[in-house]
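Trainee: Here it is, the structure, as structure tokens.
The values are calculated or read from the model by the stated rules, or taken from the named source; none is laboratory data. Bear in mind the structure is a predicted one, so any value in this text is a computation, not a measurement. Note: ideal-geometry Cβ built from the backbone for every residue, glycine included; neighbour counts use all protein chains shown.
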Amino acid sequence: MKKETKIIVAFLALVLIILIVQVWRQYTFIQRAQTIQAIRGHISQDMQQLAALRRRGPLTAVDSSYIQAWMTFDYINTAFNIPPGYLSNYLANNVRDSSDQYPHISISHYARETATSSAALTIDITSAVQAYFNVSSTSPATLIASSTNELHP
Amino acid sequence: MNFILSTLLSYLLLYKYATIFVVVLAAAIIVPVPDSTLLVATGAFVSQGYFSLTLALVVALVANVLGDLVGYTLTNRWGYKVVKEHHVRKMPYFNRVEQFLRSNAGMAIIVSRFVGTVGPLVNFLSGLADIPLSKFLFFDVVGNAVDIAGLLIAGYILGQYWQDFSGFVGLIGWIIVVAIVMYAIIKISKATMTKKSIS
């Protein structure tokens, strides 16, 4: 190989290395930016969760997924600050049989007593609680009346 | 969530403090019930205004101390007789454990309150090692108060998210168990090595 050719090849190799370094720098910069974005996203998510954890007092419609089959109606009424008549009215209108133990009975026990599915009743109660908050701006009479609407036709 | 825990939670919501008393008492004696999870749940219910923090703390503390006293009294009264009959006292390892408990009674009683499975065993051993009742009661009340208050406050802080973190309670418990066992092994083996070197 001629001396001139050697110099050109060396120059091109140097340019290639510089280019690779530049590309790598650019790539890491973009990746870092993405990582920063991801970290920012995580932090804001964590902050939101922390803010949610700090919230005390009655639960709201956002927390309705918290309702589970082992929970009693009395507890749901207290935790969500719902008048006892609302769910009682809902059950009277949407479940074929009824239990006289209401509200001191769990959803699963109520389902067993009324020969309905515990999972389905839990979903129904969750929907009823959500519906309560959706119409909470209306008068109490409307709230009780709204519980008579069938959620599961 | 398993069947036992969901049933206990239903009972907790129905019979409130009576359930706390019965479950914590049973756990303190040696019945394997998820009392720690139940107390975290109670803390969450306190944050929603369904339980009183003070009452829950007092009921759980009384039940725990009573249950611990049952274990302590049983072995303190009849344990020695049973041990003598079965020649357990002649075993060198048993003597070392007894000696360890006598010299580290306070630490052993307090730390074991945080681990459901180890607590009742330490109660039995404390009775057997003839740890004075006043000393046992003092450390038992202090350890239980800190443990119960910690679980209730954790539940209170977590609120409706308590179920997402209930697994950590067990994990922390097991970490403490491993730490206690390691500490005991190091202490006992050190004592054995010192004895050997003297002899």
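Trainee: Residues that are touching a residue at least 40 places away in the same chain (Cβ under 8 Å) and within 14 Å of another protein chain (Cβ to nearest Cβ): which helices (runs of 4 or more DSSP H) entirely in the stretch B:1-113 hold 1 or more of them?
Mentor: On the way: elements: B:3-15, B:17-29, B:35-47, B:53-74, B:80-85, B:92-103, B:105-112.
The qualifying helices (runs of 4 or more DSSP H) are B:35-47, B:53-74.
Trainee: Mind checking whether some residue in the stretch B:105-126 is basic (Lys, Arg), at pLDDT 75 or above and under 26 Å from B:LEU39 (Cβ atoms)?
Mentor: Scanning the stretch B:105-126 turns up at least one residue that is basic (Lys, Arg), at pLDDT 75 or above and under 26 Å from B:LEU39 (Cβ atoms).
Trainee: Then there is this: I'd like the full set of residues that are over 26 Å from the mean Cα position of the chain (by Cα), assigned to a helix (DSSP H, G or I) and small (Gly, Ala, Ser), limited to the stretch A:72-122.
Mentor: Within the stretch A:72-122, A:GLY85, A:SER88, A:ALA92 meet the criteria.
Trainee: Taking the stretch B:117-160, which residues are surrounded by fewer than 16 Cβ atoms within 10 Å (Cβ to Cβ), part of a helix (DSSP H, G or I) and not hydrophobic (A, V, I, L, M, F, W, C)?
Mentor: Selection gives B:SER134, B:LYS135.
Trainee: I need every pair where a residue in the stretch B:142-165 that is within 14 Å of B:SER52 (Cα to Cα) and away from every other protein chain (no Cβ under 14 Å) has its Cβ under 8 Å from the Cβ of a residue that is among the hydroxyl-bearing types (Ser, Thr, Tyr) and in a helix (DSSP H, G or I), sequence separation at least 6 or different chains.
Mentor: Going by the 8 Å Cβ cut-off, the qualifying pairs are B:LEU152/B:THR42.
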